[in-house]
Structure formats: C-alpha cells, structure tokens
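FYI, it's all coordinate maths here, none of it is from the lab. Keep in mind it's a predicted model, so treat the numbers as computed, not measured. Heads up, the Cβs are rebuilt from the backbone with ideal geometry, glycines too, and the neighbour counts pull from every protein chain shown.
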Amino acid sequence: MNKGHVFHKLVLRAFPNAGLAPNSIYAHFPLVVPSENMKIHQSLGSAGRYSWDKPNNGKEQVVFRSHKSVKAILSDNESFQRVSSISGSAPKLGLGDRDNEMPSTKQKFVYKPEGWAKEIRTFCLSKVEELLRERGVPREVNGQSTHEVDIVRDVISVTATHLVSSMFNLPLQTSANPDGKYSEVELFDLLYTIFAGSSFDPDVATAFARREKSEEAAQQVGSNIVATAKTGGLSGLAKRIKSLMHGSAGTGPSLPSFGSLLVRQLVDMADSLDGAVFGFLLPMASSSVVGYTALLSSCLEYYLGDGIAHLPDLNRLANTDTQDADDALSR
Amino acid sequence: MILLLDHRHDLTNTFDGSILEGSRLRGGIGLVRQVSSPKTITDNPPVEIRNPVTVDAVSATKTFLLKPGDRVILDLASASLDPEAFPDPELIKLDRPIESYLACGVDPQESLGTDMDRVVATSIFKAILRHRELKRAIGKRVGVKSFPTTVWDGQVGRSRLEFEGLRTYLTDDERSFQPVPSSLRIVFVDQM
C-alpha cells in the first residue's frame, strides 16, 4: 500500500485531534501540495483511495456509552448508518448505497425454511463433535485422560466458517465439496480481513491498511464466487449457483434447505450476482462468522473464569436434549 | 460472583439466557455508525468524552448535536453494563427482559437476524458444554488475552476500569491486536 510510504503513521499519531481522516491525502503524502498530489495519483489511478478534504472539516467522532443512547442509535437505522472504516473511499463492497435497504428488508430476504433451527442445531452439534474429536490432543491430567484443544481457533471459528459457508454456498473445501477454493483456515482469515476493514478499531494509523486489505480480500473471495458461478465449472458450488439461477433448487451437503434458496433471494434483492455477492453475501458472511466467534469465545471465557460457578448447571442443561427445547428455540 | 439461578422456569430459556448474560458481561463489541441527518442524543457516560455541547453538572449528562458526516462509536461493552438497563450489572440474572440485550455478537445491520444468531450461538455453545470437566488448560500461553481499548490521544492515553469498556485482544502470535479473541485452550473429558 502507498507504494511503501508510511508518513501517515507519524502524522496521524502526532496529530490525533487534527480532524484528519485515516485516508487523508494530507496525512499520507504531506510533502507534496494537494494539487500536485492529485495529478500524481490520477496518473497512478489511486486518487480514489484518498480523502481530499481539508483537515479539520468539522466532522466529529463521538463515543456513546450509556444503554439508553446506544439503544436509541441502534434502532434508528435511517439517521445512523453502518460505515466502512474509511470515509470517502469508493464503496467497493457496495454497502454505501444499500445500508438503507438492509434493515427493513432483512427479515424478508434471510430465508428461513421450515425447521431451520433444528437443521442448524444438528449441523453445529455434529461439526463441534467432529472437530473436538479430530483436533483434541489427549492429555493425562492428574491420572485422568482428557483432551486439550484450542476451542476458539480449532472449534468455534471453524464451526462458524463451515456453517456460514453452507448457508451461503461459499467456496470452502470440504469432503463433500473437494473442489472448493479455500481451506477453512484460509476462508476464516479472509472473512476476518473483510470484517476488520469496517469494524471499530481505535488505532487510526493502521485503519487505512486494514481497509485496503479488506477490499483486497473481498475482491478475491467475491470475484471467485462470481467467476465460478458464471463460468459454470464442474465444482459443486458452480452447479448449485447455476441451478438456483435457473430455478431448480440444488441441495447443499449439510444444510439442505438453506444455501441455494438463500443466495437466490440475495440475487433477487440485488438484481445482479455481483450486487448480491458484494452487497449482501460478503458483509453478512464475514460479520456473522467473526461475530459468532467473538461472542462464543468471550462467553466461554467468562464461564470458565469468573463465572465458573455456573458451569455445572450449564453442563447439566446442555445434556438435557429434548424435543421441547428444540421447538422452544425456533419459536 | 454470586450464583443466581433462581429464575429457572424453563430449561431452554435458562441456557439461552446464560449465553446472553455471558456475552453481555464479557463480549463487548464496538460498532461504528455515520450520521446522515442532524440528531440530538443525550448520553450520561461514565467517563469524560469530547464534544460536549451542554454539560449538566449534577448528573454528568451530556447532549450532543450530531451533524451529517459525524461518526458515532457505540461502546456496547459499557452499555451492556449500564445499571439503568441492567440492575446489578455484574451479576448473572436470567430474568432480564430480552429487549435490553443490545446485539448478539453481530452488528444488527449485518446479521442474519437475531433469532438466527441466537440459535447458532446456543447450538455451538451447547455442543461444547455437553462435555464433562471443561476447564482452561494449564500453562502460560492459554486463555483469552486482552487489554482495555484505549484511544491514542496524543501524549496521554485514555485509561479505563477493567471490563467497563471495550477490550482489544492479542493475536495468536501476540504481535499485534485484533478486535476479537483468537485463542483459548481448554481441556475436556470425552463424552463417549
């Protein structure tokens, strides 16, 4: 990025309150006047990456910490819109225009087939069991045979990646889809990178790099999905997307009733495959995978730490698997 | 920490509630929003923040006039411990109204729906907690490592009380920071 220039780190850290955007041309190339910078970057084709606003343009950043105000802002999707971390850069993910549509139409377009909760539960249960068995390293602790595993890296994030990939037909390599382009670790890393570009990170000096990487990852995964779908190769993914574009519902390996219909709904919403992939599929998939991982690992960390007193109760509840419980969950 | 499982009316809800409570206590995420139309929002934050328009000295309530283009950062970790919405915020209580919970781990504008998020979270959590004798692994490089999120403010950083604000986590190789946990080693006894 920046052809190796790193001046922005110094400028942004030295003047955190100067009103400089993370991608401000004044921070990135401060030794050249903006008019000349414009000529240079136009000829390089990189002018769109930077903000050309003058510093201190009167835009403020406010942190809200009380429940009431946070709730009020979260429920007002009209006035408060989700943003990418760098204002002014071209919304390649297509989020900028679509933010308004998302909240109102979301319930409609997130396809939920009959018995969806049960399907998800079965999927998660078997995947977690499989991973614990596969990745757990036998350990003898106080004469008891136990297994040790990195629950975040090897189980939670992998399960979330597999689940979301099945739902969205992402090109994940599995035993059922050996032609998939990415391994589970690669795909998680890419989705995490996409997510990190638009998430909150207090380090202003690295925001630009994160955003650039995020766009790169989105382009990589997104164009892969689009290209495979268009050329209609022999992979399972292509077949599935192709069949859904032509109206016959294909089936995924593990979540049979999701996948194709969900993606078809996204395609209908966006009017084009590109729009569906970059506008809905990638933002939702990356946010969900990373969000589930964050939620479950911090939750588990609590119940293994300060909340350890609750653990026996939870263990007992987790083993109480009843049909009623399934039904109550999918209400 | 006091054990409060008095309100065990329904097993499923108890398990579900435990996840909501656990993530409320430890799972802080920060969300970013851009203001698109002028708004006035009143906040009574626990720490000092910039851009106060009016300061009410008694209640420390501040009112912000937000202009289009302003950025708003929502500290869900602090908001999830707000005693006004969650009385006794540090305790696990399973009878809190479900509407009080702000987000189930995923930015609401990008999630697959709150019901979907909750089913996924419950399913994975249940599958893990089925195993007996779950505990953290022993050793130095185990556990979720995190620090309070601070915003670089020139010479002086902002400091906060633990678990009163957002956390920033160490990456797996402990070379840099990331907004979500990366590693937690546990031991368990095989169920079968």
Handout entry: Euclidean distance between Cα centres, region A:282-297 to region B:61-114, Å
Key = 18
Problem - Inter-probe distance in nm under a simple model that places probes 7 Å from Cα toward Cβ, at A:ASN315 and A:LYS118 - result: 3.0
Handout entry: Whole-number percent relative contact order across region A:116-155, with pairs defined as alpha carbons under 8 Å at least 6 apart
Key = 32
Problem - region A:175-221-region A:114-153 distance, computed between alpha-carbon centres (Å) - result: 26
Fill in the blank from the handout: Treating only Lys and Arg (+1) and Asp and Glu (-1) as charged, each at its beta carbon, one finds that region A:1-73 has a dipole about its Cα centre, in Debye to the nearest 20, of 320
